[in-house]
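Below is one structure, written out as C-alpha cells, with a few remarks after it.
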Amino acid sequence: RRSGQYTMNHDHSKKIPDGASFDRSGSQDSLDELSMDDYWKELENIHETRGNNHEERVALVVKEPDEGELEEEWLKEAGLSNLFGESSGDSLESMVFLSTLTRTQKAAVEKRVETVTQTMRKKNKQHQIPDVRDIFRLQDDSKGNVCDGSEPSTVRTSEKKNETHDGTKGNFSLGTDEQKNLPEDMPSSDTDINLEISFAEQAANLKDSSVGKMYKGGGGDTLLPNFRLPKDKTGTTKIGDLAPQDMKKVYSLALIELTALYDILGTEFKQQKAVKIKTKDSGLFGVPLSLLLEQDQKRVPGTKIPLIFQKLIAQIEETTLETEGLLRIPGVATRVKGLCQELEAKFYEGTFNWENVKQHDAASLLKLFIRELPQPLLTVEYLKAFQDVQNLPTKKQQLQALNLLVLLLPEANRDTLKVLLEFLQRVIDHRDKNKMTLKNVAMVMAPNLFTFHGFGSKTIEQSEFVMAAGTANVMRFMIQYQKLLWTIPKFIVNQVRKQTESQKKEKKDKAMKKFLKKMAHDREKHEKQEKIPNDTDVPQGVIRVQAPHLSKVSMAIQLTEELKAGDIVARFLSQKSGNVQTLKREEIFLYEIGGNIGERCLDDDTYMKDLYQLNPNAEWVIKPRPS
C-alpha cells in the first residue's frame with residue numbers, strides 16, 4: 001500500500017514519517033501538515049469495492065476529436081453555430097449576441113471561428129466560409145454599437161475608476177448610482193469577489209498591471225481566504241432565480257467567459273466528449289442521472305434530486321452527524337454489496353428495511369452511488385476543466401472558474417451536486433465531535449468525484465500525487481465557497497439584459513418595417529400605440545405591483561431610496577383580508593418580469609429604485625417560488 005506521504009505545498013513539502021500522528025481536528029484547514037493518507041485509503045476502498053463487483057463496468061471511452069472539431073462543437077454550445085456552415089447566412093441573432101460581448105470574450109470567439117474557418121478551407125467544404133474579421137467588423141459597424149455597453153464596464157476599469165459604468169451607450173445604464181455606494185470598484189481587498197466586471201477582463205488587467213505579480217500563488221499556500229461578495233443594490237441573482245430562456249443565454253455567456261478566462265491565463269480549456277455506451281435503463285445504481293430523475297418524477301412529481309440520493313443522506317443524518325470518522329470509515333464491503341442488491345429490488349416497492357442499515361454502510365452507499373453514475377456527476381465534458389482549476393494562478397481565479405463551471409453543469413447534475421455539498425458542510429459543522437474537518441472531508445470525497453472509472457486508471461496513475469492533492473483542493477473550494485458558486489455574476493446578468501433588449505429592438509424594427517410597407521397612412525396611429533407605456537395609470541417614481549395569489553391583488557408602490565423588495569412583500573402580506581393566507585412568508589418573492597429580462601426572482605435585499613432604473617419597462621409580480 002502506498003503511504004501517501006505527500007503534502008500540497010512544494011516550497012516546504014515535508015515527508016511525514018509512517019505512523020506519525022497528526023491532529024485530525026486541527027482548526028487550521030491547510031493541507032500543509034496533512035499527509036494524503038485519507039485520500040489513498042479512500043482510493044484503496046474504492047478499488048476493493050470494484051474488485052468485489054463481479055460485473056465489471058464498461059469503461060467510458062473519451063473520443064479524441066479531429067482538428068477543428070472541438071472548436072466547431074464549442075461554437076455550437078455557445079449558440080454561435082450559425083457563424084459557419086449551411087446556416088451561416090442567417091447570423092443576425094449571432095450579431096446581436098456578439099455585440100454584447102466583452103473584449104476578451106470576443107477574442108475567445110474569434111480564436112475558435114478562425115480555427116474552424118481554416119479547417120473548413122482545408123477540407124474545402126462547399127458552404128460559405130466567413131472571414132472572422134468580417135464577422136467582427138460587421139458587428140462593430142452595426143448601428144447603436146451596443147458593445148459600448150460592456151466595453152467601459154471592463155476595459156476601462158484599470159484607467160478610470162469612476163467611469164466604469166458611465167458612458168454606457170446602450171438603452172440602460174449599468175447602474176451608475178450604485179457605483180457611488182459600492183466599494184468594489186476600488187482596488188478592493190483581495191478577498192472581495194467582483195461580479196460586476198468580467199472575470200477574464202479582471203485577469204487581463206491584472207496581467208497588465210504590476211499588482212498581478214504580487215499575489216500569485218495558486219495551489220501553493222493552502223489556507224483558504226475568507227472570500228465575500230460585496231452587496232449589490234440591484235439584488236444578487238442565484239441559480240434558479242432566472243427563467244429558462246434567460247438561463248440559456250447565461251449558459252452561452254458562461255462558456256465563452258470561462259474559455260476567455262482560461263485563454264488569458266494560458267490554460268487549455270478542452271471539453272471532453274464521451275462516446276455513447278450502453279447503460280442500465282432502470283434501477284438505482286449505475287443509471288444515468290436524467291433517467292433516474294425521469295423515473296422518480298413519475299413517483300414524486302417535480303422532484304429534482306434522485307430519491308435514493310435524498311434517502312441515503314437522510315439515513316446518515318438520522319443517526320447523528322457526530323459519529324467519529326463519518327464518511328472516512330468505510331462500511332463492511334460484503335454488507336454494502338448486499339444492501340446495494342436489496343435496494344435495487346425493494347427500494348421503489350417501499351419494502352426495504354432501513355432499520356438494518358448502519359451509518360457507515362449508508363455513507364458507503366452514498367459514495368458508491370456517485371461513483372457508479374455512468375457519467376461523472378461533474379460531467380464528462382467538464383470533469384477535466386474542474387480538475388484543471390488547480391492550475392490557475394490565484395485562488396480568486398480558481399473560484400471564478402468554478403463559479404462558471406457550476407453554471408455550465410446540466411440542471412440535474414448541478415442540483416444533485418448542491419445537495420451533496422450542503423450535506424458535506426453539515427458534516428463539517430460537527431467536526432469537534434466527528435473529527436471530520438474540511439480537509440478530511442475533501443480528501444475522502446475527491447476520489448469519489450474525480451477519479452472516474454470511465455477514464456480508465458490511466459489518469460490516476462499519471463502524476464498521481466499532483467492530481468490527488470489538486471483535486472482535494474478543488475473539492476475543498478467547492479465545499480467552502482458553495483454559496484458563492486451558485487451566484488450568477490452580475491456582468492453576465494447585464495449581458496443577458498442587453499441581449500434581450502437588442503433582440504426586442506430587432507424584432508420591433510422588423511415588425512415596424514413590415515408594417516410601414518403595408519400601411520404607411522396608419523403610421524402615426526401605430527407609433528402612438530407603440531408609445532403607450534404598460535402602466536398608464538402609474539405616475540413617475542411609482543410602480544404597480546401585482547399579487548394574484550394574495551388577498552390584496554394589486555398595489556401602487558412609491559419608490560424611495562431605501563425601499564427593498566422584501567418591504568414590498570411584507571406590505572402585501574400585512575393587508576390580510578378575510579381569507580387566511582396559506583402561503584408561508586419564505587415561499588413568496590417579488591419577481592421582475594419582462595423589459596430587458598425574461599423573469600428574475602428578487603432577493604429581499606434588492607433596492608427597488610436602483611433596479612427600476614436598470615429595467616424601467618418591467619412588470620412587478622409577487623408570487624410563490626416553485627419548489
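The values are calculated or read from the model by the stated rules, or taken from the named source; none is laboratory data. In this text the structure is predicted, and so the values were computed from the model without any measurement. Positions of Cβ are generated from backbone atoms using ideal geometry, with glycine treated the same way; all protein chains shown enter the neighbour counts. These area figures cover heavy atoms from the full protein model, side chains too; ligands, DNA and RNA do not enter into them. Shrake-Rupley method; radii C 1.70, N 1.55, O 1.52, S 1.80 Å.
General remarks:
- Complete set of residues in region 380-393 that are open to solvent by less than 10 Å² (accessible area, probe 1.4 Å) and touching a Leu at 6+ places or on another chain (Cβ under 8 Å): 380, 382, 385, 386, 389, 392
- When region 597-620 is limited to residues that are in a helix (DSSP H, G or I) and open to solvent by 50 Å² or more (accessible area, probe 1.4 Å), the one that is nearest to residue 492 (Cα to Cα) turns out to be 613.
- The one condition in (1) in contact (Cβ under 8 Å) with a residue 24 or more places away in the chain; (2) within 25 Å of residue 42 (Cβ to Cβ); (3) open to solvent by 20 Å² or more (accessible area, probe 1.4 Å) that residue 336 fails to fulfil: (3)
- Here the condition is being under 22 Å from residue 238 (Cβ atoms), in contact with a Gly (Cβ under 7 Å, 6 or more places away or on another chain) and modelled with pLDDT of 80 or more; of 483, 564, 498, it holds for 498 alone.
- If you go through region 346-370 and keep only what is touching a Phe, Trp or Tyr at 6+ places or on another chain (Cβ under 8 Å) and closer than 22 Å to residue 281 by Cβ, you end up with 346, 368, 369.
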